[in-house]
Structures are given as C-alpha cells and as structure tokens.
1. Kindly provide the set of residues from region A:71-99 that are small (Gly, Ala, Ser) and within 12 Å of chain B (Cβ to nearest Cβ), ordered by number.
2. Please work out which residue is nearest to the other protein chains (Cβ to nearest Cβ), limiting yourself to region A:34-47 and to residues that are part of a helix (DSSP H, G or I) and without any contact (Cβ under 8 Å) to a residue 12 or more places away in the chain.
3. Go through region B:57-97 and report how many residues are crowded, with 19+ Cβ neighbours inside 10 Å, closer than 21 Å to residue B:157 by Cα and β-branched (Val, Ile, Thr).
4. Against the condition within 13 Å of chain A (Cβ to nearest Cβ) and either surrounded by fewer than 16 Cβ atoms within 10 Å (Cβ to Cβ) or in contact with a Leu (Cβ under 7 Å, 6 or more places away or on another chain) (or both), how does residue B:174 come out, does it pass?
5. In region A:1-11, which residue that is out of contact with any Asp or Glu (no Cβ under 6 Å at 6 or more places or on another chain) and not aliphatic (A, V, I, L, M) is modelled with the lowest pLDDT?
6. Which of (1) more than 11 Å from chain B (Cβ to nearest Cβ); (2) in a loop (DSSP other than H, G, I, E, B) is the odd one out, the single condition residue A:31 does not satisfy?
7. Any residue that is in contact (Cβ under 8 Å) with a residue 12 or more places away in the chain and assigned to a helix (DSSP H, G or I) - is there at least one of those in region A:81-91?
8. What number of residues within region B:41-56 satisfy the criterion of being surrounded by 12 or more Cβ atoms within 10 Å (Cβ to Cβ) and either in contact with a strand residue (DSSP E or B) (Cβ under 6 Å, 6 or more places away or on another chain) or of a type in the set (D, E, K, R) (or both)?
Amino acid sequence: MVKRIVVGAHYGLRDWIAQRATALFMVIFTVLFAAAALGLPEMTYQTWSGLFRNSLVRFFAFLFFLALFYHAWIGVRDIFMDYIKPVGVRLTLHLVTIFLLVGYAGWAAQILWRL
Amino acid sequence: MSKRTIQLKMYRYDPDKDDKPYMQDYTLELEPSDKKLLDALVRLKSKDDSLSFRRSCREGVCGSDAMNVNGKNRLACLTDIDSLPQPIVLRPLPGLPVIRDLIVDMTQFFKQYHSIKPYLINDAPAPERERLQSPEDREELNGLYECILCACCSTSCPSFWWNPDKFVGPAGLLAAYRFLADTRDEATSERLDNLEDPYRLFRCHTIMNCVDVCPKSLNPTRAIGKIKDMMVSRAV
C-alpha cells in the first residue's frame, strides 16, 4: 500500500448522536433507579432482588448496560484513534474491545435474569 | 517616566547551529513607549539580532506573531507586557515543526485550511451586479469571517496535536462553517460530505482550548456544533 494520508470514512455522526443519547438514557435510568433503591423499606438481598423481579426494571437495566457498553465502545475507540498510530495494532485493539464488550453484555444479561 | 526592566525566558533553536532547543534568559530595559509584548521583542531583536520571530502588521490583523506566552497561545502584538507575570516564557506555537526560534512551519495548518475549500462555490451565472444577501443571512457570518488564521486555536487543540494530518482543526472548521452558513454558496452538501468523517470533524471532543485562546474572541466550538447540527438535520 502506498503511504498516503487517507480520510473520508463517512461515518461519525451516528456515533456522535449515539454517545449523547446513551449518556442521556444512563443519567435518567441512574436517577430513577437510585430513587427506587433508596425508597426500599430496608436494604437486604431480598428487597434488592425483588426490585429486579419487575420485568420492566430488568428490561431497562439491561438497556442501561447496552447503553453503557455502546457508550464505552465509542469512547475507547476515540482514545485508540487519538493515541494508537499503527493501523494493525489499532484494529487489533478495536476487535479486543468489541469482543470484551459483547461478552460483558451477555454476562450482564445472565446476571440480571438470575437475580 | 522611569524605565522598566523585564525578565524573559525564550525558546531558542537554530537547526544549523544547535543540536537541540534550549531556553535563553534575557533581561531587557524597556522604553516608556513599549506597551505590547511585540514592542519588547522588537527591542530585544535590536540587541540580539540572532533572535527570530514573525511579525508584520503589529496590530492583530495579520496573525503572524502568534506564539506561546507563559503557556498560552497569543498574539504578541495584542498582549500587554504589564499583564504578564515574569519571567515571561516565550515558546513557538505547540505541535508544529520549528523552523527557527519562534518560527514554526505552518504547512500542515494551511493544508487543512485548504482542504475545506475556503472560497464561495456557486456555479450559477453571475448576476449583473452582485449576489445579494438579506441582512439576517449576512448576520450569520459574524463571528466567522473575522478569523485571521494565526493558528493560536488549532495549535492549542490536543486533537490537532495528535492528528494534525487528519483532523481539520478549529480554524479550518470555523472557516468550513463560514461557507456552510453562506446563503450564496451552493456546495453545502459536498461540504458536509467532506467533513462527515471520524477524523476530519469528529476528533473534536469539545475541549474548548480554541475558544480560550482565540485573540479575536471567536468561538470555533460553537461553529463546530453548528456543523454537527446541520449534519443531524440532513440525516434525520
């Protein structure tokens, strides 16, 4: 490959919006969930897991984790784009990050539906 | 009026003579007429003519004498000597290759500026007199056209430091929005296509160093936000 500066990937807007949308969702969920958790009559494992027996809470908690991982993907990718110059190393790090985050998402589902 | 003395610490580098850059201390006696940092530099050069820096209009219009003063990018001609704590530490603009002393190679900066096509694109036949704008449409160009391309903003931007070859930088993006906002320009879509890129536009992480340093008090971050707004309204 000739050594030339290549730009023009024509993406970025969707990720930029997604980063803001996921941040907003996480803030709203965190506030509502904190209110619900602090409103529990007592803080025991039973009341805590009782909170997650409501399938709506479970669903939104899972969405929260998906939002978190997507948000993290964009942020971590940005860091790699800024600081990791060799393309091969950057691609490897991108793949490792994606595999990790997809794994975390599966793990989060498993934890949530086991509570 | 009594004469004032100031202490300066200056970045020196002459690639023909020096192995590496070093800082040189100066003590300089000022005349009462010396108000701005550029006055002090011109006086210093009359004593040590090996010292190199760019200057031209000496009134904040040409943008030649941008430099890093006490850690912040400024124009020497607009900076009051009395407003600066001493010793006044002078370095070249960060992130660009140094040619000599305070003179940097701005090729990369201007390459990015040229990449956004900083001129009006309108293939319609020229009208008999001029392409008119309403006062409201003209209003939109305020805060954009005043840029003097001194490079204070782009060279204070960490995103530009890491990717000067790919990220357009605040100065270039301010100019890009200047033409996107111009109702006489017909290449809006091509301009947005040119910028819709993870490197060219989306390296901006709203750090806002550009706004902090702009000697003309312009706001590149706001212009970049407006480019993103245009992209969103085009996409959704």
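1. Of everything in region A:71-99, just one residue is small (Gly, Ala, Ser) and within 12 Å of chain B (Cβ to nearest Cβ), namely A:75.
2. Here is the first cut: in region A:34-47, the residues part of a helix (DSSP H, G or I) are A:34-38, A:45-47.
With without any contact (Cβ under 8 Å) to a residue 12 or more places away in the chain added as a condition, the list becomes A:34-35, A:38, A:45-47.
Values: A:34: 27, A:35: 30, A:38: 33, A:45: 41, A:46: 44, A:47: 41 Å.
Checked region A:34-47; the qualifying residue nearest to the other protein chains (Cβ to nearest Cβ) is A:34.
3. Within region B:57-97, residues that are crowded, with 19+ Cβ neighbours inside 10 Å, closer than 21 Å to residue B:157 by Cα and β-branched (Val, Ile, Thr) number 1.
4. Numbers: within 13 Å of chain A (Cβ to nearest Cβ): no; either surrounded by fewer than 16 Cβ atoms within 10 Å (Cβ to Cβ) or in contact with a Leu (Cβ under 7 Å, 6 or more places away or on another chain) (or both): yes.
Criteria not met by residue B:174.
5. Taking region A:1-11 first, the residues out of contact with any Asp or Glu (no Cβ under 6 Å at 6 or more places or on another chain) are A:1-4, A:6, A:11.
Filter once more, keeping what is not aliphatic (A, V, I, L, M): A:3-4, A:11.
Working: A:3: 78, A:4: 83, A:11: 87.
So, considering only residues that are out of contact with any Asp or Glu (no Cβ under 6 Å at 6 or more places or on another chain) and not aliphatic (A, V, I, L, M), the one modelled with the lowest pLDDT is A:3.
6. Unmet for residue A:31, out of (1) more than 11 Å from chain B (Cβ to nearest Cβ); (2) in a loop (DSSP other than H, G, I, E, B): (2).
7. Step one: list which residues in region A:81-91 are in contact (Cβ under 8 Å) with a residue 12 or more places away in the chain, which gives none.
Among the residues of region A:81-91, not one is in contact (Cβ under 8 Å) with a residue 12 or more places away in the chain and assigned to a helix (DSSP H, G or I), which makes the answer no.
8. First pass over region B:41-56, keeping only residues surrounded by 12 or more Cβ atoms within 10 Å (Cβ to Cβ): B:41-45, B:48, B:51-55.
Checking the rest, the ones that are also either in contact with a strand residue (DSSP E or B) (Cβ under 6 Å, 6 or more places away or on another chain) or of a type in the set (D, E, K, R) (or both) come to B:43-45, B:48, B:52, B:54-55.
Adding up the residues that qualify gives 7.
The values are calculated or read from the model by the stated rules, or taken from the named source; none is laboratory data. For clarity, every value in this text was computed on a predicted model and none was experimentally measured. Note that we place each Cβ from the backbone using ideal geometry, even for glycine, and neighbour counts take in every protein chain shown.
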